[in-house]
1. For F44, indicate whether it is surrounded by 14 or more Cβ atoms within 10 Å (Cβ to Cβ) and either within 16 Å of P107 (Cα to Cα) or in contact with a Gly (Cβ under 8 Å, 6 or more places away or on another chain) (or both).
2. Can you pull out every residue in segment 81-99 that is surrounded by 19 or more Cβ atoms within 10 Å (Cβ to Cβ) and in a helix (DSSP H, G or I)?
3. Just wondering, is there one or more residues in segment 169-189 that are in contact with a Ser or Thr (Cβ under 9 Å, 6 or more places away or on another chain) and open to solvent by less than 70 Å² (accessible area, probe 1.4 Å)?
4. Limited to segment 217-242, what total is found for residues that are touching a residue at least 24 places away in the same chain (Cβ under 8 Å), open to solvent by 40 Å² or more (accessible area, probe 1.4 Å) and not charged (D, E, K, R)?
5. Suppose we filter segment 58-70 for residues that are part of a helix (DSSP H, G or I) and either without any contact (Cβ under 8 Å) to a residue 40 or more places away in the chain or charged (D, E, K, R) (or both); how many remain?
6. List, please: which pairs have Cβ atoms under 6 Å, are six or more places apart or on different chains, and start with a residue in segment 71-88 that is without any contact (Cβ under 8 Å) to a residue 24 or more places away in the chain and under 14 Å from G99 (Cβ atoms) and end with one that is surrounded by 18 or more Cβ atoms within 10 Å (Cβ to Cβ) and of a type in the set (F, W, Y)?
7. Test each condition in (1) closer than 29 Å to W174 by Cα; (2) modelled with pLDDT of 95 or more for D60 and report the one that comes out false.
8. Within segment 7-40, restricting attention to residues that are within 18 Å of S76 (Cβ to Cβ) and either surrounded by fewer than 21 Cβ atoms within 10 Å (Cβ to Cβ) or among the aromatic types (F, W, Y) (or both), which residue is farthest from the chain's Cα centre (by Cα)?
Amino acid sequence: MLVLLALSVFINYVDRGNLSIAAHLIKDELGISASQLGILLSSFFWTYASFQLVSGWLVDRFHVNWILALGFFLWSAATAVTGFVSGFATLLAARLILGIGESAAYPSYSKILARDFPEEQRGRANAVITSGLACGPAFGMFMGGMLMARFGWRPFFIVLGLVSLIWLLPWFRWMPREHPVVAVEAQTCPSIAEILQQRSAWGTFAGLFFGNYWSYFVLTWLPFYLVRERHFSMDTMAKMVGQPTC
């Protein structure tokens, strides 16, 4: 189960960064303006950020296994559909759906780890999932750029999205069943107001904000800048951008 969770976050981070690699190719083929490209590259974060709250509410009230499966299906399907788009509007819709689907990932991981892993095993479990997070951008940027240079961006999106759906088969087979290892009493859980009163919580928020600003700058804008402004080839860009994401 833990390996499947790590694999899902690996796929998650490949999917969210692949538009950045293909940005200059898509801009030329679809005739997208610079402002439209900016909207497309940011649109994922609109739904991803806002639906975090919705996804967190859902996993607390419904079966988290199926919420994660539904989110995975949405983001993989959105990736595959991206390979068939013909204009700005359909591409924007695909990116918005991608953000909705991927918003289910981390609330689901947190719920599963808290419910099914004893406290003394959660550090190791989080480390395994984080390894998938780190490997996803590295693989997506490095191999994605090279594959798109050879086969084009449309086949990359289609194959990646469809092949990713295979993950659902072992998940349905090995997802956690009833009788969780850890029973968490509802009355012991702090409220949102209580969490916001903790200085450590605000420190965590700030750390994530500034860390994510750098990492998502690399994921979102650096590939397009290197190809268009510095005139790097796709292969060279992939090698350059893949290194800091490792």
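1. yes
2. Listed by number, the residues that qualify are T82, L91, A94, R95, I97, L98, G99.
3. Yes, the conditions are met somewhere in segment 169-189.
4. 2
5. Going through segment 58-70 one residue at a time, the tally reaches 4.
6. Going by the 6 Å Cβ cut-off, there are no qualifying pairs.
7. Condition (2) is where D60 drops out.
8. In this case the residue turns out to be L7.
The values are calculated or read from the model by the stated rules, or taken from the named source; none is laboratory data. Remember, predicted model here, so these are calculated numbers, not experimental data. Positions of Cβ are backbone-derived with ideal geometry, glycine not excepted, and every protein chain shown enters the neighbour counts. Just the protein is used for accessible areas: all its heavy atoms, side chains included, with ligands, DNA and RNA removed. Shrake-Rupley method; radii C 1.70, N 1.55, O 1.52, S 1.80 Å.
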